[in-house]
Amino acid sequence: MIEIVNPGPLCTVQDAGRRGWARLGVGHSGAADRVSFALANRLVGNEHGAAVLELTFGGLVLRTTTACLIASTGAPCAITVRDGPPMAAQQPVAMPAGATLTWSAPSSGLRTYVAVRGGIAVEAVMGSRSTDTLSGLGPPPLRAGDALPVGRDPGTDVPTELAPWRPSSDAPLGIWPGPRRHWFDDTTAALLASATYVVQSASNRIGVRLAGEALLRSVAAELPSEGLVEGAIQVPAEGQPVVFLADHGTTGGYPVIAVVDPGDIHRVAQARPGDALTFRWL
C-alpha cells in the first residue's frame, strides 16, 4: 500500500476512464493528459489502463508502506526522497517500504502522473477507478491519511530505465470544424486561428476557460442541449471560448465552433493559468 501524507492542491486517482456510458449522462473522465498517463504505466510495466495518481500543481507527499516500483511523468516536479534512493522524473525507481516522497510544484505544465507497479487498486465504479470531479463518481479527491491498495505485480518486463523528456510545444493546437461552425462567419473562424488566448484561473478538469478576442455568433438562435466530446471548443454568449477536458458533461447548450485534435488534447491538459494558447484549422 501507499499512504497519502499530503495530497497537495488536488490529487486524484485516474485510469483510462469509464467509456460507453454517455447515453446515460455519465462522462468518461480518466487521465486529462493521456500521453503522460500512458508513459507512467509503461515505465513500471503496468497494463495501459492501470490506475495512477494525477497531481495538479505538485505538492504530493506519500509514504510507501510496502516496497514498490514507482515512476513520475507529465509536468516536471523535483522529487525529494527520505529513507529511500534518489528519484527523478521519467524513470522507474524501486522504493523500499517506509520511504517518504515529496513532489515540488512543477517548473512547467500543470499535471503530473505517478504510477506504481500493479496500479492503484481502489474499488472500480462503472468499470473505472477514475475520480470524476463533475459527477462525483469514483473515489473522492485524496486526503491526508488515505491508504491506497496496490494491485498484484503484472509479471511483465520493465521496458526501459529512462524515457526522454518531452518538452512542451508552443506550436498552435490543431482544430477541426465543430458541429456549429456555421453559427460563426468566416471572419470569426479566421480570428480563432490568429488570436492568442490566455488560460484563466477558473479552469479545471472539466474545462479550460480562455480569454482573448471574443468569438461572436452570426446566428442568434437558442441552441437545445446537444452532445459534447472532449476537446470541444464551446462559445458562451460573451464570446470567450472554453475547451472541454476529461470531466466534461455529456451535453451542452452553447455552440461548439471547433474541436481540438485528439493528438493535441494532452497539451491543453498541461496548460496552466496565464499560459497562452493558439489554434490552427486542420
Checklist entry - Which one of these is charged (D, E, K, R) and over 28 Å from Gln14 (Cβ atoms): Glu213, Glu226? => result Glu213
Next on the checklist: Could you check the stretch 172-193 and list, in sequence order, the residues that are free of Cβ contacts under 8 Å to residues at least 40 places away in the same chain and in a loop (DSSP other than H, G, I, E, B)?
Outcome noted: Asp185
Checklist entry - Which residues, taken from the stretch 208-230, are touching a residue at least 60 places away in the same chain (Cβ under 8 Å) and within 9 Å of Gly252 (Cα to Cα)? => result Gly227
Next on the checklist: Condition (residue is surrounded by fewer than 16 Cβ atoms within 10 Å (Cβ to Cβ), in contact with a strand residue (DSSP E or B) (Cβ under 6 Å, 6 or more places away or on another chain) and touching a residue at least 12 places away in the same chain (Cβ under 8 Å)) applied to the stretch 234-249: is it met by at least one residue?
Outcome noted: no
Item to check | Considering residues of the stretch 73-87 that are without any contact (Cβ under 8 Å) to a residue 60 or more places away in the chain and of a type in the set (A, V, I, L, M, F, W, C) only, the residue surrounded by the most Cβ atoms within 10 Å (Cβ to Cβ) | outcome: Cys77
Checklist entry - at pLDDT 95 or above, surrounded by 20 or more Cβ atoms within 10 Å (Cβ to Cβ) and within 17 Å of the chain's Cα centre (by Cα), is that true of Ala258? => result no
Checklist entry - Asn204 passes all but one of (1) assigned to a helix (DSSP H, G or I); (2) in contact (Cβ under 8 Å) with a residue 12 or more places away in the chain; which number fails? => result (1)
Next on the checklist: Condition (residue is more than 17 Å from His248 (Cα to Cα), crowded, with 24+ Cβ neighbours inside 10 Å, within 13 Å of the chain's Cα centre (by Cα) and of a type in the set (Ser, Thr, Tyr)) applied to the stretch 65-72: is it met by at least one residue?
Outcome noted: no
Next on the checklist: The conditions are (1) within 27 Å of Ala271 (Cβ to Cβ); (2) crowded, with 23+ Cβ neighbours inside 10 Å, and Arg117 fails exactly one of them. Which is it?
Outcome noted: (1)
Checklist entry - If you take the residues of the stretch 51-62 that are under 15 Å from the mean Cα position of the chain (by Cα) and among the aliphatic types (A, V, I, L, M), which of them is surrounded by the fewest Cβ atoms within 10 Å (Cβ to Cβ)? => result Leu53
Item to check | Output for the stretch 179-214, where each listed residue is over 20 Å from His266 (Cα atoms) and in contact with a Leu (Cβ under 6 Å, 6 or more places away or on another chain) | outcome: Thr188, Glu213
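The values are calculated or read from the model by the stated rules, or taken from the named source; none is laboratory data. This is a predicted model, so every value here is computed, not measured. Virtual Cβ from ideal backbone geometry, glycine too; neighbours counted across all protein chains shown.
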